[in-house]
Amino acid sequence: LRRAKSEVALDLPPKTEEDVLCIMEGGQQQLYLQELERIQKVLLDVGNEDSLRRNSFIILQGLMRLRQICCHPGLVSPAAMKEESAKLSALFYLLDQLRDEGHKVLVFSQFVSMLNIIQERLVAEDRPHVILTGQTRDRQQVIDTFQSSKDPMVFLLSLKAGGSGLNLTSASYVVLYDPWWNPAVENQAIDRTHRIGQTRSV
């Protein structure tokens, strides 16, 4: 038997979820369509289960590349690092608004390389932030820095390193930069801030 969080934490503030859709343009769209066409050709050549098994890695790799291109073209092609990313533009538009309103924000991604791209822009724009990935040595210091800060701050987290076991109730917004195949993992990430001790809507 188990109890839902809503039954235990009766005073927990409401949680609102919103999907933000982005339209790819320019080099990002072109790169995506090229990769999509390549994968479609592989799929058209799959005539039976044996052929599917032989090509399964190529198909999965192609799906991963499509997801990465949606995040930022530079994840699959270093030459495309300067290309525009619709998601990155949408993220910083949101971060601008939340900074003006004084909010702290958690930003999750499954790709550490994507977090590094976001971090580079945060550094360039002199925005206060911290980052937590599998390579982070002093996790607690990073967490304490974020929790104790009185200023609007961005916390970049990899989904694996920061998806569970953290209490980050000083944040009231969570951004899942790239959707994960398992909704339960996404809910765990959101629950880093939507948990007992939270006093604001998330």
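Throughout, read-outs are computed from the coordinates displayed, never taken from laboratory work. The model shown is predicted, which means the values in this text are computed figures rather than measured ones. Cβ atoms come from the backbone with ideal geometry, glycine included; neighbour counts cover every protein chain shown.
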*What do you get when you divide the Cα radius of gyration of region 114-196 by 2.2 N^0.38 Å, with N the number of residues?*
1.05
*Relative contact order [Cα under 8 Å, 6+ residues apart], the chain, whole percent*: 24 percent
*asked:* Could you work out how much longer the chain between Val123 and Glu17 gets when fully extended? Use 0.36 nm per residue separation minus the Cα distance between them, nm to one decimal.
replied: 35.3 nm
*At a Förster distance of 41 Å, what's the computed FRET efficiency of Arg54 paired with Ala79, Cβ-Cβ distance as r, to 0.05?*
0.85
*Filter the trypsin sites (Lys or Arg not before Pro) in region 106-171 down to the DSSP loop ones having no more than 13 other Cβ atoms within 10 Å, then list what survives.*
Arg137, Lys150
*Treating the beta-carbon of each Lys and Arg as +1 and of each Asp and Glu as -1, no other charges, what is the dipole magnitude of region 75-202 about its Cα centre, to the nearest 20 debye?*
340 debye
_If I model region 58-108 as equal point scatterers sitting on the Cα atoms and use the Debye formula, what is log10 I(q)/I(0) at q = 0.27 Å⁻¹?_
-0.97
*From largest to smallest, what semi-axes in whole angstrom does region 19-75 give when each is the square root of 5 times an eigenvalue of its alpha carbon gyration tensor?*
26, 11, 9
*Cα-based count: Lys pairs in the chain below 21 Å, eight or more positions apart or different chains?*
6
*How large is the Kirkwood hydrodynamic radius of the chain, in angstrom, based on all distinct alpha carbon pairs?*
18.7 Å
